[in-house]
Amino acid sequence: MKTLKVLAPVAAAALVASPALAHVGPGAHDSFAAGFGHPFSGLDHMLAMVAVGLWAAMLGGRALILVPAAFVGVMMLGFIAGAAGVPLPFVEPAILASVVVLGLLVALALPMSALAGGALVGFFALFHGHAHGTEVGTAGFLAYGAGFVAATVLLHVIGIVSGIALGRFGPVLLRVAGGATALGGLMLMAG
């Protein structure tokens, strides 16, 4: 019964998911607070960041640090590239695909080395960072970047802690969380 109480809100959120609306116009990206709030303004970002943490927890060992660190590091490179005007095709579709893929990695309990896992999440992180960078302009570049990096780290930690907690009850709850994440990504794609 406790499982149902935990999963019901997740399923409800997935069913009422709206299109990704995290990317607002320029001018709203000039402070640490704006950068910190940005990943929380779109379900696509939140689901992907938490899923990175869930998967890192599932992989365990070195992946607990390496997978989220790879995401953050490559995301910062994407941010710089986007802010510099370097074009990158398929940014929004790749961000949405990241939610589905990362959710499926957890749902299927796909084993992978920490290095390979870092490379995989790094691929998607490039697109997440680029999306942030193309919106920031030059005003508040460093403050905004620091804010969204801090929020990303926080969401990864939430995913890791949740993954470890769910894993204590066996792999089923963790896999269900991954499935709900993938479903949320599919709903975002359809919306």
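Every read-out reported here was derived from the displayed coordinates using simple, explicitly stated rules and does not represent laboratory data. All values derive from a computational prediction rather than experimental measurement. Glycine also receives a Cβ, built like all others from the backbone with ideal geometry; neighbour counts cover every protein chain displayed.
So VAL50 fits all but one of (1) in contact with a Gly (Cβ under 7 Å, 6 or more places away or on another chain); (2) free of Cβ contacts under 8 Å to residues at least 60 places away in the same chain; what number is the exception? The number of the failed condition is (2).
All of GLY42, GLY78, GLY103, GLY73 fail the test of being buried (at least 21 other Cβ atoms within 10 Å of the Cβ) and closer than 19 Å to ALA151 by Cβ, apart from GLY78.
All conditions in (1) more than 17 Å from the chain's Cα centre (by Cα); (2) in contact (Cβ under 8 Å) with a residue 60 or more places away in the chain; (3) surrounded by fewer than 21 Cβ atoms within 10 Å (Cβ to Cβ) hold for PHE141, with the sole exception of (2). Every condition in (1) within 11 Å of the chain's Cα centre (by Cα); (2) buried (at least 22 other Cβ atoms within 10 Å of the Cβ); (3) not acidic (Asp, Glu) is met by ALA151 except one, and the failing one is (2).
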